[in-house]
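Asks: One structure, pasted below without further comment.
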Amino acid sequence: MLHLKRTVPLAIAFLSGILLLIQYFVPHPWSAKFLQYTSDWQVTLAYAALLLGVGSLVQSHVTKARRKAPGWGFSAVALAAFGITVAMGMWWSVHTAWQSRTDASIVTTGSGEGSPLSWVYNSLLFPMGGAMFSILGFFIASAAFRAFRVKSPEATLLLLSAIVVMLGQVPLGAHLPGIPQLSAWLLSVPTTAAKRAIGFGVALGSIATALRVIFGIERAYLGGE
Amino acid sequence: MIRVAAIFLLTAAALRAQSFEKLEVLDAPGDAGGAAWVIWKRLPAESDEEGAKRITYVVSVAKDATGDFEEVARFPATAKFMSDNTEAFGWSKKTADWHAVKVDAPGYEDGSAANFPVYAKVVALSAESEIASGTASGIARPNWLTASKFNVFVFIALLGGVMMFLIARARRNSEIFVRRIPGLDAMEEAIGRATEMGKPILFLNGLNDMSSISTIASTAILGQVAKRVATYDTQILVPCFDPVVMAVSQEVMREGFISAGRPDSYRPDSAFFVTSDQFGYVAAVDGIMMREKPAACFYMGYYYAESLLLAETGGTTGAIQIAGTDSVTQLPFFIASCDYTLLGEELYAASAYLSREPIQLGSLIAQDWGKLFVLAAIVIGTVLALFHVQTFVHMVATY
Amino acid sequence: MSPELKKLGPRWVVFGILGLVVTVSLLFKRSTEFPGTPVVKGVYDAVEELPEGSPILISSDFDPGSEAELVPMMKAILAHCWRRHLRVIVMSLQSPNAMPLAQGIVEEAARDNGAKEDEDYALMNYKPGNLAAVLAIGQDWASQFPESYKHRKLADIPAMKGITRLGDFKYVLCITATTSVDSWLLGGVTKYGIKLGLGCTAVMATDYYPLLDTKQITGLLGGLAGAAQYESLVKLPGKATDGMPTQSLIHVTIILFIVAGNILHFAGKRRKPEAA
């Protein structure tokens, strides 16, 4: 059992990691075919994982609703929304399949123009997503109000840079002499330098972590240490 | 005007008196096959830029010497040199004297591992005359190695070798110094606070999937947090954005609880999938924050625009907030709203820092050596470039 | 004051003022043109230089959350592509929600620009797997997209003529609110040598500036400001240009908040020792 839980996954990780690493240096068509197979596998697994997620979602909300845990009403709403959405998609599939018997131009699909799913998308998901994102503007203002303090020369420099970049990003800044140039310089020189410095650390950390995973030193992804 | 006319006439005359030198067809190195380079030396008439502008090259290819030649490229003589394609021809200054055009082998099909013959002809046209080359031929074949990526291989091998050596050394001597990381020290305190207050801990793994290094790092941290949570007997909530990350989080937590000696306290539903929709996820997690009022919020992994929405809402609930991300654009938001923030690679170091395992600490030091190497490369490259010595820059160029 | 508002502290004042500024500025619509910077022009020039009929791939990697910033950008780019008679193929690496949104944008833009489906443009589907998906289409387009979003076979779509793999596209534009651009960089630029342009949300833009220096992307459109600049370059003022006065006003308001925050902070500090 432990073999199945530890040794086999570690062997798969090692083999896949080494083969894909070698693949990077081998341009031959056989190597390209191997890459295509593994890519197809990854895509297939990504789809399969969605099912895993749906299972967890339903299970956790059903448990909450059944136990009448605090806030179980939200779980009931989530479950109902889930059920209704799936039902709408299925119903439209059946509906289009039925129509396609007589009209060959109609394709059997769960979504698409005029479908209930597209209504859910346009009338609910679309505005709700937009509303959530727009809250960010308010939170940025509030965070800037609380966090930007002239506490030290460095903090002052940071604040002044922020003001220049903010002005440089809007047409108003284009009318202030030197602001667009200074803003562009701040973005392309100091910001890029800092970003590269962090980037080097991140890249080295990524290579080290990848090598640790390939050689079985890092086992966190298997639930081990 | 007179100068232009003179050049025009001279180019036409010069072109008539010239012939192609050294037309060759070479296999494109380091490719999957089906491509070749047609190269030839610049004509003497191109020595003057104005003259070069007046010459147009036409390249045609066929699959046999007597077959139909099909035009594949037409360009002015001021373009397409070997020196533009350093990944194939290297950095020699002589490459600037040669024209080079990459052509597809006629009849080649994608994915074919066969060799394909390529026959090529070049014609130089000016307003008044044209000269044609003879026919050159070569074979486009698939290659097994890419020489231009050799430097990448050397760097990975070096870093891997140094890492293995340092891990082996760390196994013998576990006394390795790691500088203090206040954010990680505060984790213990935050978990203790949650226990005292009888409130849960909220742990997020970020919005990337399991192939992201930051997600792997965050699940490693989750393992350490779960161990402490089990020891203190505190509740932990891990809403997940990705189903695979959820499964891994459940396993990591189970192991954490087992190694803390409290397997019975582990609840598999502590890590649960919410949604893979960015703002849907934010809405759900913010809702959990407002209802459960966690005593501590840990934001580890990779975040996007939702970072501030999460951290600001967490802030209003009065929770201790510790973030760790390698998402450079989101770092300022976390720094502004959280009590502690792990910057970039500190996130990767967190697991080693918390576990103090020699193996992990060894690889941490290897990263520092790698960084030293990069720093040295930058300094050496810059100094040499100032003296117009480009060899080192060429050695580290990637394709 | 309600206890909820009290708990929010000065936040509610900030939220209130900002809400008011946005509302008032939107009531008094006044467009302001924003001339294109070299960073934005990098994308414009790349599209401009493509020969007529060239295929261009747009990866629409965002969902409704980022719609305000990225839709005007995408519309301006689409209009430009069709004006240049390019064939536009649209796909997504983001999420299943991205394609319905992309479909709406493309079809509306097509109506405005007289572009015909399957001839001037084709919609593909969402493909999970990020880098894996890019690598897969780099090898064989049909293995990942055997049919269009509307279930039409590739052979029946004139816009797809001659496209068998990623390398057949003369230009790829990633319009994104996620790190999907990393997949295009690693898979597309490094592995298959494609030419890449990037449009992203304003908050992401600084992350990708280094890619301009290394020439891994030809240009960068950051947020609504990037979109407004593109609209100005293609001389089609739209929603982004309309939004510029509001954005200017908000930026100024936030700057004033920062100044006010500092004044209050230091005034409070001075008062404390006196009280002691």
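The values are calculated or read from the model by the stated rules, or taken from the named source; none is laboratory data. Everything numeric in this text was worked out from a predicted model, so none of it was measured. Methodologically, a virtual Cβ is constructed for each residue, glycine included, from the backbone with ideal geometry; neighbour enumeration extends over all protein chains shown. Remember, those area values only see protein heavy atoms, side chains included, never the ligands or the DNA or RNA. Shrake-Rupley method; radii C 1.70, N 1.55, O 1.52, S 1.80 Å.
Asks: Can you tell me what share of the DSSP beta bridges in the protein assembly as shown is antiparallel? A percent to the nearest 5 is fine.
Replies: Antiparallel bridges: around 45 percent, rounded to the nearest 5.
Asks: Okay, moving on. Set Lys and Arg Cβ to +1 and Asp and Glu Cβ to -1, take the dipole of chain B about its Cα centre, and tell me which of B:Val379, B:Ile236, B:Ala120 lies farthest positive.
Replies: The residue sitting farthest along the positive end of the dipole is B:Val379.
Asks: Interface B/C, total buried accessible area with a 1.4 Å probe, nearest 100 Å²?
Replies: So the total buried area for this chain pair works out to about 1300 Å².
Asks: Largest first, how would A:Ile198, B:Ile380 line up by accessible area (1.4 Å probe)?
Replies: If we order A:Ile198, B:Ile380 from most to least accessible, we get B:Ile380, A:Ile198.
Asks: Carbon and sulfur atoms: what percent of the 1.4 Å accessible area of chain C do they account for?
Replies: C and S atoms contribute 58 percent here.
Asks: Between B:Leu331, B:Leu386, B:Leu204, find the one with the highest GNM mean-square fluctuation for chain B; connect C-alpha pairs within less than 10 Å.
Replies: Answer for the Gaussian network model of chain B: B:Leu386.
Asks: Any idea what log10 I(q)/I(0) is at q = 0.09 Å⁻¹ for the protein assembly as shown, Debye with uniform C-alpha scatterers and no solvent?
Replies: Relative scattering, expressed as log10 I(q)/I(0), comes to -1.06.
Asks: Shifting gears a bit: Which cross-chain or sequence-distant (5 or more) residues have an amide H under 5 Å from the amide H of B:Phe273, H modelled 1.01 Å from N in plane?
Replies: A:Leu57, B:Cys240
Asks: Quick check for you: with a 1.4 Å probe and neighbouring chains kept, what is the accessible area per residue of chain A, in Å²?
Replies: With the other protein chains kept in place, chain A gives 56 Å² per residue.
Asks: In chain B, if the dipole is taken from +1 on Lys/Arg beta carbons and -1 on Asp/Glu beta carbons about the Cα centre, which of B:Ala140, B:Asn173, B:Val328 is farthest to the positive end?
Replies: Highest projection toward the positive end goes to B:Asn173.
Asks: Are there residues in the stretch C:241-274 whose accessible area shrinks by at least 50 Å² when all protein chains are included rather than the chain by itself, and which are they (probe 1.4 Å, ligands and nucleic acids not counted)?
Replies: Buried by the other chains: C:Ser248, C:His251, C:Ile254, C:Ile255, C:Ile258, C:Asn262.
Asks: I've got another one for you. If you roll a 1.4 Å probe over the heavy atoms of the protein chains, what accessible area per residue do you get for the stretch C:38-236, in Å²?
Replies: So the stretch C:38-236 comes to 32 Å² accessible per residue, rounded to a whole number.
Asks: Also, quick follow-up: Taking R0 as 60 Å, what FRET efficiency do you get between B:Val379 and B:Ser19 from their Cβ-Cβ distance, rounded to the nearest 0.05?
Replies: 0.75
Asks: How big is the stretch C:38-236 along each principal axis, measuring the range of its Cα positions in Å and listing the largest first?
Replies: Over the stretch C:38-236, Cα extents along the principal axes are 39, 35, 33 Å.
Asks: If you don't mind, another one. With no solvent and one equal point scatterer placed on each C-alpha of the stretch C:95-139, evaluate the Debye formula and give log10 I(q)/I(0) for q = 0.14, 0.17, 0.27 Å⁻¹, two decimals.
Replies: Here the Debye-derived log intensity ratios amount to -0.43, -0.60, -0.93.
Asks: Relative contact order for the stretch B:113-187: what is it in percent, counting Cα pairs under 8 Å that are at least 6 residues apart?
Replies: After rounding, I find 23 percent.
Asks: I want the antiparallel fraction of DSSP beta bridges within the stretch C:38-236, as a percent rounded to 5.
Replies: 5 percent
Asks: To the nearest 20 debye, what is the magnitude of the charge dipole of the stretch C:38-236 about its Cα centre, counting +1 on the Cβ of each Lys and Arg and -1 on the Cβ of each Asp and Glu?
Replies: That gives the stretch C:38-236 a dipole magnitude of about 380 debye.
Asks: Related question: What is the ratio of the Cα radius of gyration of chain A to 2.2 N^0.38 Å, where N is its residue count, to two decimals?
Replies: Cα-based Rg divided by the globular estimate yields 1.55.
Asks: Moving on. Taking each residue in B:357-364, count the Cβ atoms of any other chain within 10 Å of its Cβ, then average. What number comes out?
Replies: 3
Asks: Taking a point 7 angstrom from the Cα of B:Glu189 along the C-beta vector, which residues in the stretch B:321-357 have backbone N less than 16 Å away?
Replies: Flagged as within label range: B:321-323, B:338-342.
Asks: Just the number please: accessible area per residue for chain B, 1.4 Å probe, all protein chains included, in Å².
Replies: So chain B comes to 44 Å² accessible per residue, rounded to a whole number.
Asks: Would you be so kind as to list the residues of the stretch C:52-67 that have their accessible area lowered by at least 10 Å² in the full protein complex compared with their chain by itself (1.4 Å probe)?
Replies: The answer is C:Asp63, C:Pro64, C:Gly65, C:Ser66, C:Glu67 - residues whose exposure falls by at least 10 Å² when every protein chain is included.
Asks: What is the antiparallel percent of DSSP beta bridges lying wholly in the stretch C:128-251, to the nearest 5?
Replies: Given both bridge residues lie in the stretch C:128-251, the antiparallel proportion sits at roughly 10 percent.
Asks: A follow-up question, please. Relative contact order for chain A using alpha-carbon pairs under 8 Å, separation at least 6, rounded to a whole percent?
Replies: Relative contact order comes out at 16 percent.
Asks: Build a GNM of chain C with springs between Cα atoms under 10 Å: which of C:Gly199, C:Gly19, C:Gly223 gets the top mean-square fluctuation?
Replies: C:Gly19
Asks: Right, another one. Please average, across the residues of C:37-45, the number of beta carbons from any other chain that are within 10 Å of each residue's own beta carbon, and give a whole number.
Replies: 1
Asks: Could you tell me how far the Cα centroid of the stretch C:56-90 sits from the Cα centroid of the stretch B:15-62, in Å?
Replies: For the stretch B:15-62 versus the stretch C:56-90, the Cα centre distance is 39 Å.
Asks: Among C:Met99, C:Val24, C:Ala133, whose Cα projects farthest towards the positive end of the dipole of chain C, with charges put on the beta-carbon of Lys, Arg (+1) and Asp, Glu (-1)?
Replies: C:Val24
Asks: Then there is this: Please check the stretch C:131-154 for residues whose accessible area, probe 1.4 Å, is lower by 40 Å² or more when all protein chains are in place than in their chain alone.
Replies: When all protein chains are present, C:Ala132, C:Gln139, C:His151 each give up 40 Å² or more of accessible surface.
Asks: In whole Hz, what ³J(HN,Hα) sequence does the stretch B:247-264 give by Karplus (6.51, -1.76, 1.60; θ = phi - 60°), x for Gly and Pro?
Replies: With the stated coefficients, the stretch B:247-264 comes to 4, 5, 4, 4, 5, 4, 5, 4, 4, x, 5, 5, 6, 7, x, 10, x, 5 Hz.
Asks: A further question follows. Buried accessible area for the A:B pair, summed, 1.4 Å probe, in Å² rounded to 100?
Replies: 5400 Å²
Asks: Determine the shape class of the stretch C:32-95: with a ≥ b ≥ c the square roots of the Cα gyration tensor eigenvalues, call it rounded for a/c under 1.5, and otherwise prolate if a/b is greater than b/c, oblate otherwise.
Replies: Verdict is oblate for the stretch C:32-95.
Asks: Name the residues whose placed amide hydrogens come within less than 5 Å of the amide hydrogen of C:Leu173, ignoring near sequence neighbours (fewer than 5 apart) on the same chain.
Replies: Those lying under 5 Å, H to H, from C:Leu173 are C:Leu57, C:Ile58, C:Ser59, C:Gly197.
Asks: In addition: Run the helix sum for the protein assembly as shown: -39,500 (n - 2.57) per DSSP H stretch of 4+ residues, divided by residue count, reported at 222 nm to the nearest 500 deg cm²/dmol.
Replies: -17500 deg cm²/dmol
Asks: Along the stretch B:353-362, what does the Karplus equation 6.51 cos²θ - 1.76 cosθ + 1.60 (θ = phi - 60°) give for ³J(HN,Hα), rounded to whole Hz, x for Gly and Pro?
Replies: Along the stretch B:353-362, the couplings run 4, 6, 7, 6, 7, x, 4, 5, 5, x Hz.
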